[in-house]
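**Student:** Structure below; questions to follow.
Please treat every number below as a calculation from the coordinates, not as lab data. Here the structure is a predicted model, which means the values were calculated and not measured. No Cβ is skipped: glycine too gets one built from the backbone with ideal geometry, and neighbour counts run over all protein chains shown.
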Amino acid sequence: MLKTKTYGVGRICIVDGCGTLLSAYNPSGVCALHGGAWQDDFHRSSRKSSQREETTRRCAFEPCAREFMTTNPAKKYCSDACRMRAFQARVMGARRMGDLRGARRAS
């Protein structure tokens, strides 16, 4: 079994005035706040949301056909309930088609 590498217990962030206790598994000499990784994540997530415009769509589940707002260009249904009902309707339709094909072969 491989042993996980550790970098010492009780180390403190080297940035003046920080005092954050570093994880034994953190190879860096600075905490996450001063490492800059949080800034990359923050800017990446804010860019994603700013690129997409909110649009009005109509639910693809025909019995519902409700209008809803979304920023996701792939979203077809107004809710998870409608998405699941549409899936169930497709499954039942496929089963009916399978039953019809089987009945034709039997005759």
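**Student:** How do TYR25, TYR77, TYR7 line up, fewest other C-beta atoms within 10 Å first?
**Tutor:** TYR25, TYR7, TYR77
**Student:** Further question on the same structure: Can you give the FRET efficiency to the nearest 0.05 for ALA32 and THR56, using r as the Cβ-Cβ distance and R₀ = 35 Å?
**Tutor:** Using R0 = 35 Å, I get an efficiency of 0.30.
**Student:** So, counting K/R as plus one and D/E as minus one, what does the shell of residues with Cβ under 12 Å around MET92 add up to?
**Tutor:** +3
**Student:** By count of other Cβ within 10 Å, fewest leading, how are PHE68, PHE61 ordered?
**Tutor:** PHE68, PHE61
**Student:** Which net charge results when you count Lys and Arg as +1 and Asp and Glu as -1 among the other residues whose beta-carbon is under 15 Å from that of THR56? Write down the numbers at each step before the final one.
**Tutor:** On the way: positive: ARG52, ARG57, ARG58, ARG66, LYS75, LYS76; negative: GLU53, GLU54, GLU67.
Net of charged neighbours comes to +3.
**Student:** Further question on the same structure: Once fully extended, how much extra length lies between TYR25 and THR6, figured as 0.36 nm per residue of separation less the alpha-carbon to alpha-carbon distance? Before the final figure, lay out each step's value.
**Tutor:** Numbers: separation 19, 0.36 × 19 = 6.84 nm, distance 0.49 nm.
Roughly 6.3 nm would be gained on extension.
**Student:** Calculated FRET efficiency, LYS75 and ASP16, Cβ-Cβ r, R0 35 Å, to nearest 0.05?
**Tutor:** The calculated FRET efficiency here is 0.15.
**Student:** In what order do LEU22, LEU2, LEU33 fall by count of nearby beta-carbon atoms within 10 Å, going from fewest to most?
**Tutor:** Taking fewest neighbouring Cβ atoms as first place, the list is LEU2, LEU33, LEU22.
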